[in-house]
Structure formats: C-alpha cells, structure tokens
Amino acid sequence: MIIAERKPIKEIEKMIMPYKKVLIVGCNTCVTICMAGGEKEVDILASSLNLLFKSKHKEIEFIKRVVERQCEKEFVEELKEDIASVEAVLSLGCGVGVQKIVEVFPHIPVYPGLNTKSIGAPEEEGVWKEKCVACGDCILDKTGGICPIARCSKKLLNGPCGGSQDGKCEIDKNLDCAWQLIYDRLKLLGKLDQLEEIIPVRDWSKANDGGPREVIREDVRLKNGK
Amino acid sequence: MEFEPEIVIFCCQYCTEAADTAGASHLGYPANIKLMELPCSGKISIIYLLKAFEEGADGVCVIGCEEGACHFLRGNLRAKKVVEYTQKILEEIGINKERLKMFNLSSLESQKFVQISKEITEKIRELGPIF
Amino acid sequence: MKKGVFICKCGGSINNIDFQAISNYIHSFNQIDCIKESQAFCLPEGKDLIKGEIIDSTLDRVIIIGCSLEEKRKIFEGILKECGLSPQALTMVNIRERCAWVHQDKRRATEKAKRLIKAGISHSSLLKIFEEEDISVNKNVLVVGGGIAGIEASLELSRLGCKVTLVEKEPELGGKVKRLANIYEMKLKPGEFLSKKIKLIKESENIKVLTSTEPIKIEGNLGNFTVKLNKLSEEITIKVGAIILSVGCQAKFMRKDYGFDLSRSVITHLQLEKLFINGEEIPQTICFLLDFANKSSRISFLSALKNALLIKEKVASEVFILYRQMQVSGYHLEKLYGEAREKGIIFFKYEDSPEISFEHSLVNISVFDPLLKKRVGISSHLLVVEEEIMPMSEFKELGLDSKGLYQEENIWLYPAESNRRGIFFAGECREQEDVFEALTDARAVAGKVYNLLRRGKITVNLNRAVVEVEKCALCLNCIRSCPYEAIGKEFYKDEDRYAAKVDKLSCQGCGICSSICPAGAIQLTQYENEQIITECASLLTD
Ligand SMILES: Cc1cc2nc3c(=O)[nH]c(=O)nc-3n(C[C@H](O)[C@H](O)[C@H](O)COP(=O)(O)OP(=O)(O)OC[C@H]3O[C@@H](n4cnc5c(N)ncnc54)[C@H](O)[C@@H]3O)c2cc1C
Ligand code: SF4
Ligand code: SF4
Ligand code: SF4
Ligand code: SF4
C-alpha cells in the first residue's frame, strides 16, 4: 500500500493562511492504515491548526470529511456540497488523491497535507518500510523475492557492493543490506546458483523515467477502444 | 486578579482512587484541577489532549499507574508515547510543551497526587494563560 | 431521553458548597425532567425517592450528585435495575472527594462543582445503553501438563462436575515430583503420593487423560476454544470453554553461569534427588552452592535445606550451605532453616562469588564471609549447584513476566489469568511453588474456572469496545494492540464486508484499541470519543 506522512504543520499553515474556510479531506484506504490521513488524523490536524491560529488571533473554519478512496472520482464527487461551501481544500490523501480532487473540482485550490513516501508495508506497530518503487519491470523472480531496487541503497542489480558488512548497509547501519537478504533467502531455497545469472542493464523507460505510465485493459476498455 | 489556570487531569481509574483517597482524607489541592476519569491511561488519545487545550485548558496532565504495573499490561507505556507525540505537535504549533505532562502513580499514593496537583498548578500559573 | 438529577448532601458533610446556587444552576438546564434533593440518597428514604421519581417521571437517565464510591454505585445500580433500567443509565458526579473536601474556598468549590455537574449531565446525555447479554459457553476444560498441579486441578474440576481433558507430553503423568526422593513434611514418598493421585484420576469418569500429547494450536476465545493436539503424530481436535496451563518449568544447569561442567563431584539438585531415589552412596562432605548466578529461588533453598538435613541425619557427614541472601519466606521454610542450624549444618554467607577449583576428586571452595569477616576454605567431595528455572517456551506468546515464569496477568485484578481471557495458569509455570503450594494453587484455579463456566453462559461486560463496521478500514491496528487478544477480523454478513470484531467475553474494556484506531471505527462504550471530548469541554467552560 501507499505510505505517507503528515507534512510539518508550519508548511500546511502557509498553504491555508489566505483562507477563511477550508475543507480537510482524509482517505479511508492506504493513508488511514498507515495513520497519516484517516478520520483520526483529520481531527488531530484540524485541532492542531485551530490551536495554532488561536495563538495568532486568526480564525479559519474547518470542515472535516473522510472519503472511502480519494483516488476515485465517484468517491470524490461526494464532496460536491462541502466544496461549494469552502475556499480551499486540504487533502490528507496521497498524491493521487490530491490530483483526483483537482480533476473533479478544477476551480478550487487543493493543497497536499501529506508527503507521499513509498509503496511499503507495516513492519511492526508504528513502523512502515518501503518495499517497491513501481519500476515497471519486476525482477523479484531473480532476486529471491527481495527487491534490490527499492531496498538496496545503490539499487545494485548483480550482488552487493563492497560495503556490505555484517548484514548491514554501508550507507546506513540501521538498514539491512538488501543483497545480504537476497543471498540468505536464495540460500534458504537452495537456489544460490541463480545468482550466477547476470541481470542485464535495465530499461528504465519502463519506470517513471520514461514518462508517466498507463495501464490499459483492452477487455474492459470500451470508450476509445477499436 | 491573579491568573487561575484551567487544568485537566486525565487519570486512569486506579489512579483516580488515589485522588479520591486524597479527598476522603481532606488533603487539599487547588480547585484548578479537574479530573477526567479513563479506564486506563492507554485510552488517552492525541485528540483528547488537543481538544482540552482548544476548549480552554492552560495545562493538561495524564496520570497512569507506575511503569510495569499497568492493569492492562502496557497501557501506561502507550500513554507515555501518546503524550510525547502530542508534545511534539505542541512544539510544532508554538505551544510550550511543558503545558502537557505525564505522571505515574499507584492507587495508594494520595499524597503524591496532591503534590502533583500543586506542582502542575504552580507550573502553569508561572507559564501564564495559554492564549 | 428523560433525565433526573438527584442532589445528595451526604448528611451535611458536603458543607462548603452553596447548594442553593447549585440547585439554581441545575434548574437553568433545559432538558431535565426532575430535580430532587436529599440529605442521603443511599439511605432508605432517599432510595425510595429515587425509585418513585424513576417510575413517576419515567426517567431513563439518572444523575446522582454527591460521591462516587463503588459501594454506593452498586446501591444505585441496584435501584435502577429494580426499576427496569440498565445500570449503565446511572451517572455519578463526585462533588465530595473531588471537590468539597479538597477545596477550602466555598466560592471556588461551588464554581467547580457546577462544572463537574455540567460534565456529568453532558456525559449522561450522550450515553448509549446496551442490553445485558449472555453468551453460551462450553463447560469442558482442557488441562495442559500432568504434573502435580495439573493432576490436582483435574481432580478438583472433576469433583465439581466438569469434564476435563488432561494432556501430558511425557508418556506418564507426574512431572517433577516424580523426580524427587522426598517432600519435606510429607510422610508419603513422592512416588506413593503420585500413585494415589493418579489412581483417583483413572477412577474419575470426568477426566480423560492423553499422554504423549501436546497442544499445537489454540484458537478461539473464552467459552469457545478449539485446540489442536498432537498425540504421537496423530492430530486430535477438541473444543473446550477454558484452558488451564500447568506445564511447570524447565530446570537446566547453565554452564555459562558457572564456568565449569557438571561431573561426578559437581551435581545439580535434581541429580542429588536421583542419588537418593537410587539409594546411591552419599559422600562424606557435601557443599550446597546457592544463588551463585543470582537467579535463586525459595524452592532451591527448600531443596537444599531439606536434603542437607537428610544427609546430616543419615550419613553423618559434614554439610555446608553457601548463600548470598537467605530466602526462607513462606510456609515451613523458616522452621526448616532453624532446624538445619540446630542440627549443625554450616552456613556461610558470601557477597563476592566464591572461588572454586578442582583437585582430584575434591572440590575446593574459598569464600569470604562478610559476617565472620574472614575467608574460609572448604574441601568437599560433592558440590551441589542449581538448575536455572526457565519457562516452557511453547506458550511464550501468552506473555512472560520478568522472572521468566508466566506472567500473572493483572496481578491486581485477576491473579492466575493469562492475557487471554479463559486461559489460566496453575502450579510452577506461574510462580515457583513447592508441592503444597502447587496443590492449593491448582485447587483455587480449578474453582475459578468452574465458577466462570458453571452456568454454561457468561454475561458480557457492558463496558467494552464496539466496532462500527462501516467505518472500519481493517487496518489491523486494534487487533495488534489489544492486550487481551480480544479482537479478530471477521466477515459481517449483514454489512457484506470484513471488519474488526471484538470478542464480547474477552474484552476487558481498557480502550487502548479505540485510542489507536485511525478511522474512529472502534469505540469504548461509556467512553466514546465524542463523550469524552464534550465532557472535557464542559469541565473547562462555565
Ligand atoms: C530441584 C527441585 C527440588 C524440589 N524440591 C521440592 C521439595 O522438596 N518439596 C516441595 O514441596 N517441592 C519441591 N520442588 C518443587 C516441586 O517440584 C514443584 O512444586 C512441583 O513439581 C510443581 O508441579 P507442577 O505440576 O506445577 O509442574 P511439573 O511438576 O513441572 O509438571 C509439569 C508437567 O507438564 C508437562 N508439560 C510441559 N509442557 C507440556 C506441553 N507442552 N504439553 C503437555 N504437557 C507438558 C511436563 O511434562 C510435566 O509433566 C522442587 C523442585 C525442584 C526443581
Ligand atoms: S523490481 Fe520493481 S516492481 Fe519489482 S518490487 Fe522492485 S521496484 Fe517493485
Ligand atoms: S551495502 Fe548492501 S544495501 Fe547497501 S548499498 Fe551495498 S549492496 Fe546495497
Ligand atoms: S483499528 Fe479501527 S480501522 Fe483498524 S481494524 Fe481496528 S476498528 Fe478497523
Ligand atoms: S477495549 Fe481493550 S481489551 Fe477491549 S478490545 Fe479494546 S484493546 Fe482489547
């Protein structure tokens, strides 16, 4: 799922400073689960901002909403009435959510309240870690199910760098060396020989470097289909 | 007139016993203190703390059982984390984090409850009104 | 909703509050259907007044202003029940211990009392009442571990009429007692004592014994557990309402603590017991080294004192006991210690670890005794060292205490219960106990289990977490954070979706789940977010 984190309140303050009435919109999917933009966080942010503005003798009125999935038009459309009554929107969805609101309601300013960080998973209570960078050409079959692009600091494809020590990455001793993990997993599976296969230079055009990507399911698509 | 701070103490049901024993023994403490009883200090939420300030509290406390002695295992440790996190928010929005504090007690320590109440009232009086 | 407010003056003991002002204040609220005052609502006259008002004004919320003592709460809850109301409909506002008795200034005390009352009324207005509800439970019990504790718990449960399955991983019942040569202050030999108990087990129609069997999976909650057992690679599934773990503990010699190995001249307590059982010869001098690794327990002292005396009597040899801190608290230990001193057992206290060296078949021990203020040397044929007591690892996920034995969860609330409601501990797995203590403990736990299950149904706690299915994002945070493992995920047919589900019997009402939930989907009855926030706001504003 998408992992995000609230922006510093000062940053948010600057964005919404010019307005008198703002809609804060959370999303009940990924960002609720990673505790960045669910109902609870919407309440906390609104309350924090209230306190902040109170100390500055300014008042902004907040309307608080949470939609089921901010990345879907149908859910975002439910905000129509609320949006009509405010001057700006502060989204606590991921970057996709912000842009969806912009697409559905092009006339109102929409601001991001979160920094969208990664595609990842919860590791322990309160900790989420990046696992995939959506490179567009998955190689997990070759790397024991552990992604070196997302999890090796140098994105190395064919074995560790010289800095891998005691299972830790030389860039950050708190990080597990992805290549150590890959080696250990392949060893566990009895497939160390897989490491002899050289992973060729990648075609990064399949990643975001090739421009925005699109996924099309021809069997479902009718509108512009031939 | 002297500034009388508004103070809320969120108190787990066991530490409330300490407060009530203080009451039964007529051990005085400042009338500024108002108790909100929770089943466990682990019930405390960031939003309760922020809302208390929003509604006019000049100081807020959370009291839970001694570490390692929570009736619900680790509720008081969670409370501590919640308080620390909320203190960070307070700092972000320019409110002195000293206005929010966590204490640990046992249900027998009525004297300590009184002492905490006096201490926090003095501290907040010193800091002055929140707004 | 019809609210009644009852102002109790507590026989005049609440004297520095201006009751006239309070009464006027309450009259200024809109939606209050009756306001009554009394000198003491907990006395017959006052009680009748409340009863009368509930019925005449058809009240469904009752607010009593005065104290909030637990025993008084029980009285008032009783009145509500008599009138057909849920005890949850009661709100008590304490203006006595939390106001009048702690604040000198009458004006300020009265002002604060008003706020407390306002908060109480707002709490009451937002109360949701839940029906009391019984959940039917399986009355059978599983006892895991056939040591003396497991045996005794099974016998007691059987006597009370419960059906018990007793599983033991070894081929025979008996546990550690089987390995003892004597039990202090018991005339019977451990073997005979066990045989008697095991005979009773065999005769009981209520007890089914499965030896060479271990549980491999425990699923479900209080009242309805499903346990998978493994009996010599055969899988058996049983359903029970409660589980008693009486798995004892492991006793292992830890070489790393001592720095030397066991040998002919260095043995452990249990090995010494074995020498006795086999009737082997005991050498001339013998030295017990207690607490060397700082991990000693009362049971070690019991075992050392008991055997030291025995050796002294039978073999007329020289017996030394080295200790850091004498641990003789508890049943008959003090007496045993006195006896040992009297019979000429030689005790040395130490603070710094004794130096130990080996020479042929002798063990040389040099120890500085801070009481004698001098160093003494002992040459002994036999050195008896301690086993470290460790928990049986299989059930670790149930929580361990710092000593490594099973956590007596809620030592304050429910001794002997684990953090999963319906799973209990008995015997040495919970706390180091001698045989007599293990027996008493086992019977007490059996009684508790019986009491819990005997009606075949359990009334659920009204103060518990409730999930609003539509709002749940199934983030699993509540499931992970509940200290009682009371929450799981479940498919709700009516709503046609998955969501978190609180087990009504396992929830203990701490509210931790609700404070963590990022979706505001799980709330604690009586302490819903909205309720707390509104109540707190009332406390803060006039
Ligand atoms: C060295 C030593 C000396 C002692 N001397 C004395 C003494 O002199 N006097 C005295 O009163 N007390 C003495 N004790 C204490 C006494 O042994 C204990 O009080 C008693 O054995 C506790 O019984 P229990 O049933 O709790 O545990 P145990 O006797 O340990 O029984 C536990 C049983 O559970 C079984 N089990 C474990 N795990 C599983 C599983 N996963 N599945 C199924 N079964 C399992 C075990 O095989 C065992 O049979 C001594 C203890 C020690 C270690
Ligand atoms: S290889 Fe690419 S798609 Fe596969 S896990 Fe790594 S980043 Fe994601
Ligand atoms: S140490 Fe491991 S994870 Fe870190 S950069 Fe080198 S190979 Fe990658
Ligand atoms: S914490 Fe809340 S949203 Fe998450 S699973 Fe539990 S009830 Fe659902
Ligand atoms: S209230 Fe406490 S015990 Fe009940 S489900 Fe929530 S966390 Fe578990």
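The values are calculated or read from the model by the stated rules, or taken from the named source; none is laboratory data. Quick caveat, the model's predicted, so the values are computed rather than measured. Neighbour counts are summed over all protein chains in view; Cβ atoms, including those assigned to glycine, are modelled from backbone coordinates with ideal geometry. Heavy atoms of the whole protein, side chains included, go into the accessibility calculation; ligands, DNA and RNA do not. Shrake-Rupley method; radii C 1.70, N 1.55, O 1.52, S 1.80 Å.
Structure summary
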read-out	value
Matching residues, region B:1-43, being of a type in the set (A, V, I, L, M) and either in contact with a Gly (Cβ under 6 Å, 6 or more places away or on another chain) or facing another protein chain (nearest Cβ under 8 Å) (or both)	B:I7, B:V8, B:A19, B:A22, B:A24, B:L27, B:A31, B:L35, B:M36, B:L38
Hey, C:Y498 away from ligand 1 (no atom under 16 Å from the Cβ), in the same structural domain as C:L155 (by TED's automatic domain parsing) and of a type in the set (F, W, Y) or not	no
Region A:171-214 - residue that is under 15 Å from A:C147 (Cα atoms) and of a type in the set (G, A, S) and, of those, farthest from ligand 5 (Cβ to nearest atom)	A:A207
Qualifying residue in region A:105-112 (condition: loosely packed, with under 15 Cβ neighbours inside 10 Å, away from ligand 5 (no atom under 16 Å from the Cβ), under 26 Å from the mean Cα position of the chain (by Cα) and touching a residue at least 24 places away in the same chain (Cβ under 8 Å))	no
Some residue of region A:205-224 being open to solvent by less than 50 Å² (accessible area, probe 1.4 Å), under 25 Å from the mean Cα position of the chain (by Cα) and among the β-branched types (V, I, T)	no
Any hit, region A:20-43, residues being open to solvent by 60 Å² or more (accessible area, probe 1.4 Å), of a type in the set (D, E, K, R) and within 13 Å of another protein chain (Cβ to nearest Cβ)	no
Complete set of residues in region C:247-306 that are of a type in the set (G, A, S) and under 29 Å from the mean Cα position of the chain (by Cα)	C:G248, C:A251, C:A293, C:S296, C:S297, C:S300, C:S303
Qualifying residues in region A:116-151 (those that are part of a strand (DSSP E or B) and touching a Pro at 6+ places or on another chain (Cβ under 9 Å)) - the one least open to solvent (accessible area, probe 1.4 Å)	A:W128
Breaking point among (1) under 24 Å from B:I33 (Cβ atoms); (2) touching a Leu at 6+ places or on another chain (Cβ under 9 Å); (3) outside any loop (DSSP other than H, G, I, E, B), for C:Y527	(3)
Some residue of region A:121-140 being under 30 Å from C:S515 (Cβ atoms), in contact with a strand residue (DSSP E or B) (Cβ under 6 Å, 6 or more places away or on another chain) and among the aliphatic types (A, V, I, L, M)	yes
Enumeration of residues in region C:448-480 that are over 24 Å from C:F425 (Cα atoms), free of Cβ contacts under 8 Å to residues at least 60 places away in the same chain and among the basic types (K, R)	C:K471
Residue in region C:216-237 that is modelled with pLDDT under 90 and within 21 Å of C:G175 (Cβ to Cβ) present	yes
Per-region count, region C:440-493, residues more than 14 Å from chain A (Cβ to nearest Cβ), buried (at least 20 other Cβ atoms within 10 Å of the Cβ), within 16 Å of ligand 4 (Cβ to nearest atom) and of a type in the set (G, A, S)	2
Near pairs, Cβ below 7 angstrom, 6+ apart or cross-chain, from region C:519-542 (facing another protein chain (nearest Cβ under 9 Å) and farther than 24 Å from A:C27 by Cα) to any residue that is crowded, with 21+ Cβ neighbours inside 10 Å and β-branched (V, I, T)	C:C536/B:V8; C:L539/B:V8; C:L540/B:V8
Matching residues in region A:163-179 - criterion: being assigned to a loop (DSSP other than H, G, I, E, B) and within 7 Å of ligand 3 (Cβ to nearest atom)	A:G163, A:S164, A:C169, A:E170, A:I171, A:L175, A:C177
Close pairs from region C:2-29: first among the acidic types (D, E), partner open to solvent by 40 Å² or more (accessible area, probe 1.4 Å), Cβ under 9 Å, at least 6 apart	C:D18/C:K106; C:D18/C:R107
Some residue of region C:447-467 being outside any helix (DSSP H, G or I), more than 23 Å from the chain's Cα centre (by Cα) and either within 24 Å of C:N224 (Cα to Cα) or not assigned by TED's automatic domain parsing to the domain that holds C:C162 (or both)	yes
Test: residue in region A:59-80 that is touching a Leu at 6+ places or on another chain (Cβ under 8 Å) and acidic (D, E)	no
Test result for C:L333, within 35 Å of the chain's Cα centre (by Cα), open to solvent by less than 90 Å² (accessible area, probe 1.4 Å) and either among the hydroxyl-bearing types (S, T, Y) or over 23 Å from C:M254 (Cβ atoms) (or both)	yes
Checklist (1) among the polar types (S, T, N, Q); (2) closer than 14 Å to A:I9 by Cβ; (3) surrounded by 22 or more Cβ atoms within 10 Å (Cβ to Cβ) applied to A:Q70, failing item	(2)
Residue list for region C:494-534, restricted to those being of a type outside the set (S, T, Y), under 26 Å from A:G126 (Cα atoms) and away from ligand 4 (no atom under 13 Å from the Cβ)	C:D503, C:Q508, C:G509, C:C510, C:E528, C:E530, C:I532, C:I533
Where B:E54 falls short, out of the listed (1) under 26 Å from C:E70 (Cβ atoms); (2) facing chain C (nearest Cβ under 10 Å); (3) at pLDDT 95 or above	(1)
Leading residue by the ranking (surrounded by the fewest Cβ atoms within 10 Å (Cβ to Cβ)) among those in region C:2-32 that are touching a strand residue (DSSP E or B) at 6+ places or on another chain (Cβ under 6 Å) and not in a helix (DSSP H, G or I)	C:I32
Residues (under 22 Å from C:P391 (Cα atoms), basic (K, R) and not in a strand (DSSP E or B)) located in region C:242-281	C:R255, C:K256
Flag if C:L90 is touching a helix residue (DSSP H, G or I) at 6+ places or on another chain (Cβ under 6 Å), away from chain B (no Cβ under 14 Å) and more than 29 Å from C:K208 (Cα to Cα)	yes
Search result, residues across region B:85-122 that are in a helix (DSSP H, G or I), away from every other protein chain (no Cβ under 12 Å) and either surrounded by 21 or more Cβ atoms within 10 Å (Cβ to Cβ) or without any contact (Cβ under 8 Å) to a residue 12 or more places away in the chain (or both)	B:K97, B:Q115, B:I116, B:E119, B:I120, B:E122
Test: residue in region C:301-311 that is surrounded by fewer than 20 Cβ atoms within 10 Å (Cβ to Cβ) and either of a type in the set (D, E) or under 30 Å from C:C507 (Cα atoms) (or both)	no
Residue tally, condition in a strand (DSSP E or B) and surrounded by 12 or more Cβ atoms within 10 Å (Cβ to Cβ), over region C:336-374	15
